[in-house]
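S.K.: Sharing a structure, written as structure tokens. Questions coming.
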Amino acid sequence: MSKYFLLLTLTSCALVSPLKQSSVVKGKSRTDYESYAKNFMISTQGVGTTKAAKYAIDRGGNIFDAAIAASFAISVERPHSTGIGGGGFMMIDHVESKTKTAFDFREMAPQRAHSKMFLNEDGTQDTDRSLTGGLASGVPGLVAGLVEVHKKYGSLPFGDLVKPAIDLARKGFKIYPGLAKALEAEKDRLCKFESSKKIFLNEDCSPKKEGEVLIQEDLAKTLELIASDKNQSFYFGKLAKKIANSQAMHGGLITTEDMAQYVVKERKPIEGTYRGYKIVSMPPPSSGGTHIIQILNILENADLRSMGPQSSQAIHLTSSAMQMAFADRAEYMGDNDYSVVPLRTLTSKQYAKVLYNKINPDLALESKDFPIPFNKIFLKEPDHTTHFTIMDSKGNIVSSTQTINGWFGSAVVAEGTGIVMNNEMDDFASHIGGVNLFGAIGGKNNLVHPKKRPLSSMSPTMVYTEKGKPLMALGTPSGTRILTCVMQTILNVLEYDMELWDAVSATRYHHQWYPEYIRVGDPGFEPYVEKQLKELGHKIVRKNLGCSIQAIKLESDGKLHGVSDPRGEGLSLGF
Ligand code: DON
């Protein structure tokens with residue numbers, strides 16, 4: 001019995017309903033997703049990826065080597081979610097140098113990109129172009145990012161770290177349910193591009209099915225090149241040319257010059273506190289860290305613990321805080337290398353207090369009362385990107401979220417490379433008030449501009465005790481839900497005192513201002529809680545959030561405790 005249940009049983013079982021939690025994927029058990037160990041812990045979304053990270057450590061590497069091996073491996077194992085044709089963020093705590101830092105290897109807009117490129121002549125948004133085909137892609141950053149991390153913190157030869165990914169691509173692996181689902185959903189887009197069809201579909205464009213072996217030979221060859229010359233072929237040579245040729249063929253803008261000009265940015269993490277605990281997360285161009293801290297700051301004004309995590313009152317307050325954060329996201333957030341983002345205000349306790357005071361405990365906020373009037377809100381539903389977390393007993397941490405954006409990104413595989421190109425350009429605002437794939441509204445600061453990075457929600461995060469000791473690190477995929485899923489997991493541990501397993505598997509919910517409802521994942525809220533929320537004026541939509549939290553906590557007995565979300569295909573492994 002978990003500590004949380006025990007607490008409820010002993011104190012207030014008549015008042016607080018039992019915690020509703022997701023069950024483990026069919027055919028698996030809790031032990032597949034959870035691990036305790038003394039020295040190292042790895043939580044990723046793929047069994048092959050977790051093993052690739054362990055491969056690096058088994059050969060005497062450190063967790064930064066392991067993170068590089070995991071990044072290449074997950075690029076192969078989850079080709080619908082992430083890859084070397086995409087980008088991401090990596091939070092690092094390097095104990096020896098006392099450095100907490102944020103690597104930004106997010107895609108960059110090509111030089112010929114401009115703020116009207118996703119508008120029709122009549123000024124309406126053209127999402128087809130920002131989602132599929134050449135124009136949808138930004139300049140990929142993952143390879144450059146990993147080379148940079150390796151240069152600073154790696155210890156094994158770079159080429160050795162690519163090996164598990166090369167083997168996985170060449171020998172192949174059985175298509176698992178999540179990949180089969182993505183292939184089925186995206187078969188029509190993949191069918192448009194011969195180079196993509198060749199890898200992922202059959203001759204008649206039907207998708208490869210669950211249980212079939214997926215071999216990615218071109219990708220294996222590409223990875224061999226990267227193993228031998230790091231970023232040279234990719235950004236300055238043969239691979240850069242192939243990517244540019246593919247772009248030209250499919251109406252994209254990326255040239256060899258764009259590839260050569262890609263830059264990794266090392267940024268200062270954004271920091272905040274919650275009841276004394278320290279939150280260290282991703283700054284812009286992610287909106288994630290900023291709004292996680294903002295929502296926690298708002299909620300710090302309430303006594304959520306006494307309400308109970310799944311009480312209508314706590315859900316009402318938490319959803320209202322989410323609503324207000326998303327309104328600010330639309331108004332202010334973007335790549336702050338290109339515009340001024342009021343980060344200090346957004347993450348301040350004073351501003352949070354002002355927002356908290358706007359919440360009526362008896363009435364849901366109406367989104368139309370927020371500052372920006374928009375129309376045409378729509379929402380499509382991809383569910384991927386990837387996250388992994390790795391920690392060791394010395395307190396070194398890697399927390400990294402990586403993506404090609406929607407399932408199979410732009411659907412274009414750059415001819416002859418096996419590289420699935422991202423559709424990250426859709427994360428820009430096509431115009432002020434434009435919406436992306438996840439229904440997130442974009443403002444002025446997120447308009448397309450050459451070399452700018454699109455606004456992201458990816459939120460690799462680290463949490464520390466008041467004394468600065470590592471407490472946990474985590475992250476997840478799933479578009480705008482990323483930041484609310486990470487925030488809720490943190491809240492579950494810090495505020496509601498849940499054990500890590502309970503914190504990760506508890507029912508999750510999300511409100512993003514527009515659309516105007518609380519979206520709740522399985523197994524939902526208790527019926528009476530849902531009724532009370534409706535009475536407060538909330539609309540409730542039952543739909544899984546798509547998050548797959550990969551978390552590691554340093555427990556008070558000194559053991560590392562890893563949990564890979566039981567809703568997913570991952571593996572937490574300690575040793
Ligand atoms: O950076 C972002 O916020 C998005 N491109 C992430 C995409 C994602 O998580 C897709 N999965 N649902």
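S.K.: Could you derive backbone 3J(HN,Hα) for region 418-426 from the dihedral phi with the Karplus parameters 6.51, -1.76 and 1.60 (θ = phi - 60°), listing whole Hz in sequence and x where the residue is Gly or Pro?
M.R.: Per-residue couplings from phi come out as x, 8, 7, 7, 5, 10, 6, 4, 5 Hz.
S.K.: Would you please give the residues with an amide H less than 5 Å from that of G537, counting only those at least 5 places away or on a separate chain, with H modeled from the backbone geometry?
M.R.: Under 5 Å from the amide H of G537: A364.
S.K.: How long is the gain from K28 to T345 if the chain were fully straight, where each residue apart is worth 0.36 nm and the alpha carbon distance is subtracted?
M.R.: In short, 109.6 nm is gained.
S.K.: K181 versus K116, label points 7 Å from Cα toward the beta carbon: distance in nm?
M.R.: That separation, rounded to one decimal, is 4.1 nm.
S.K.: What does the charge dipole of region 405-484 about its Cα centre add up to, to the nearest 20 debye, if the Cβ of each Lys and Arg holds +1 and the Cβ of each Asp and Glu holds -1?
M.R.: Values: 7 positive and 5 negative charges, 72 e Å.
Charge dipole of region 405-484: 340 debye, to the nearest 20.
S.K.: Restricting attention to region 192-228, which GluC sites (Glu not before Pro) occupy a DSSP loop and are surrounded by at most 11 other Cβ atoms within 10 Å?
M.R.: Working: sites: E194, E203, E210, E212, E217, E224; in loops: E203, E210, E212.
Sparse-neighbourhood loop GluC sites (Glu not before Pro): E203.
S.K.: Give a residue-ordered list of calculated ³J(HN,Hα) values for region 457-462 (Karplus: 6.51 cos²θ - 1.76 cosθ + 1.60, θ = phi - 60°; whole Hz; x for Gly, Pro).
M.R.: Karplus values, whole Hz, x for Gly and Pro: 10, 5, 9, x, 9, 10.
S.K.: Restricting to the chain, compute how many DSSP beta bridges are antiparallel as a %, nearest 5. Could the numbers behind the result be given before it?
M.R.: Details: 66 of 71 bridges.
If I count the DSSP bridges inside the chain, around 95 percent turn out antiparallel.
S.K.: Something else now. Mind jotting down the distance between the C-alpha centroids of region 330-347 and region 73-100, whole Å?
M.R.: Here the two parts' Cα centres lie 24 Å apart.
S.K.: Tabulate in residue order the Karplus-calculated ³J(HN,Hα) for region 201-218, using 6.51 cos²θ - 1.76 cosθ + 1.60 with θ = phi - 60°, rounded to whole Hz; enter x for Gly and Pro.
M.R.: Going residue by residue, I get 10, 8, 3, 8, 6, 6, x, 4, 10, 3, x, 6, 8, 9, 10, 10, 5, 4 Hz, with x marking Gly and Pro.
S.K.: Could you tell me how far the Cα centroid of region 430-504 sits from the Cα centroid of region 176-244, in Å?
M.R.: About 28 Å separates the Cα centre of region 176-244 from the one of region 430-504.
S.K.: Quick check for me: using +1 on Lys/Arg Cβ and -1 on Asp/Glu Cβ, what's the dipole size of the chain about its Cα centre, in debye to the nearest 20? Mind dumping the intermediate values first?
M.R.: Values: 67 positive and 62 negative charges, 120 e Å.
With only Lys, Arg, Asp and Glu charged at Cβ, the dipole is about 580 debye.
S.K.: Okay, moving on. Return a whole-number percent for the relative contact order of region 439-512, with Cα pairs under 8 Å and 6 or more residues apart as the contact set. Present the calculation step by step, with values, prior to reporting the outcome.
M.R.: Working: 64 pairs, mean separation 16.6, N = 74.
Rounded, it is 22 percent for region 439-512.
S.K.: Specify which residue in the list S456, I63, A248 is farthest towards the positive end of the charge dipole of the chain, using unit charges on the beta carbon of Lys, Arg (+1) and Asp, Glu (-1), about the Cα centre.
M.R.: I63
S.K.: Taking only protein heavy atoms and a 1.4 Å probe, what accessible area per residue, in Å², does region 405-522 have with all protein chains in place? Each step should come with its number before you reach the end.
M.R.: On the way: 2050 Å² over 118 residues.
Accessible surface, normalised per residue, equals 17 Å².
S.K.: A further question follows. Sort 290-298, 465-473 by packing, meaning the average of other beta carbons within 10 Å per residue, with the highest value first. Could the numbers behind the result be given before it?
M.R.: Numbers: 290-298: 27.3, 465-473: 16.1.
The densest-packed peptide leads the list: 290-298, 465-473.
S.K.: Between K469 and E526, what FRET efficiency follows from the Cβ-Cβ distance if R0 is 41 Å, with the result rounded to 0.05?
M.R.: On the way: r = 36 Å, r/R0 = 0.88.
Once rounded, the FRET efficiency stands at 0.70.
S.K.: Compute the length gained on full extension between S206 and D188: take 0.36 nm times their separation in residues and subtract their Cα-Cα distance, giving the result in nm to one decimal.
M.R.: On the way: separation 18, 0.36 × 18 = 6.48 nm, distance 0.88 nm.
Stretched fully, the S206-D188 segment lengthens by 5.6 nm.
S.K.: Using Cα pairs closer than 8 Å and at least 6 residues apart in sequence, work out the relative contact order for the chain, in percent.
M.R.: Once divided by the residue count of the chain, the mean separation gives 25 percent.
S.K.: Next up: What are the residues whose amide H is under 5 Å from the amide H of V448, where those residues sit 5 or more places off or on another chain and H is modelled from the backbone?
M.R.: Those lying under 5 Å, H to H, from V448 are A429.
S.K.: Using a 7 Å offset from the Cα along the Cα-to-Cβ direction at both T124 and Y36, what is the distance between the two label points in nm, to one decimal?
M.R.: Going from the T124 label point to the Y36 one covers 5.9 nm.
S.K.: Under 5 Å between amide H atoms, partner at least 5 residues away or on a different chain: which partners does Q125 have, H built in plane at 1.01 Å?
M.R.: Amide H to amide H, under 5 Å and 5 or more residues apart or across chains, Q125 pairs with N120.
S.K.: Sticking with this one: Ranked highest first by the average count of other Cβ atoms within 10 Å around their residues, in what order do 553-563, 427-437 fall? If you can, show how the numbers build up before the last one.
M.R.: Working: 553-563: 18.8, 427-437: 23.6.
Ranked from most to least packed, the peptides come out as 427-437, 553-563.
S.K.: Compute the length gained on full extension between S556 and Q261: take 0.36 nm times their separation in residues and subtract their Cα-Cα distance, giving the result in nm to one decimal.
M.R.: Values: separation 295, 0.36 × 295 = 106.20 nm, distance 4.62 nm.
Gain on stretching S556 to Q261: 101.6 nm.
S.K.: Rounded to the nearest 0.05, what FRET efficiency is calculated for N544 and V354 with R0 set to 45 Å and r the Cβ-Cβ distance?
M.R.: Values: r = 33 Å, r/R0 = 0.74.
So the FRET efficiency works out to roughly 0.85.
S.K.: Ranked highest first by the average count of other Cβ atoms within 10 Å around their residues, in what order do 530-542, 149-161 fall? Intermediate results must be reported in sequence, preceding the final value.
M.R.: Numbers: 530-542: 15.7, 149-161: 18.2.
So the order, starting with the most tightly packed, is 149-161, 530-542.
S.K.: In region 465-575, if the dipole is taken from +1 on Lys/Arg beta carbons and -1 on Asp/Glu beta carbons about the Cα centre, which of T484, G558, L573 is farthest to the positive end?
M.R.: T484
S.K.: Okay, moving on. With the dipole of the chain worked out from charges on the C-beta (+1 for Lys and Arg, -1 for Asp and Glu) around the Cα centre, which of Q111, I42, N445 lies farthest toward the positive end?
M.R.: The Cα lying farthest towards the positive end belongs to I42.
S.K.: If you don't mind, another one. Report, to the nearest whole %, how much of the accessible area of the chain belongs to carbon and sulfur atoms, 1.4 Å probe, protein only. The partial results should precede the final answer.
M.R.: Details: 10830 of 20580 Å².
Carbon with sulfur: 53 percent of the solvent-accessible area.
The values are calculated or read from the model by the stated rules, or taken from the named source; none is laboratory data. Just so you know, these numbers come straight off a predicted model, no measurement behind them. A quick note on method: Cβ atoms are made from the backbone with ideal geometry, for glycine too, and the neighbour counts reach across all protein chains shown. Surface accessibility is based on the protein's heavy atoms, side chains included, excluding ligands, DNA and RNA. Shrake-Rupley method; radii C 1.70, N 1.55, O 1.52, S 1.80 Å.
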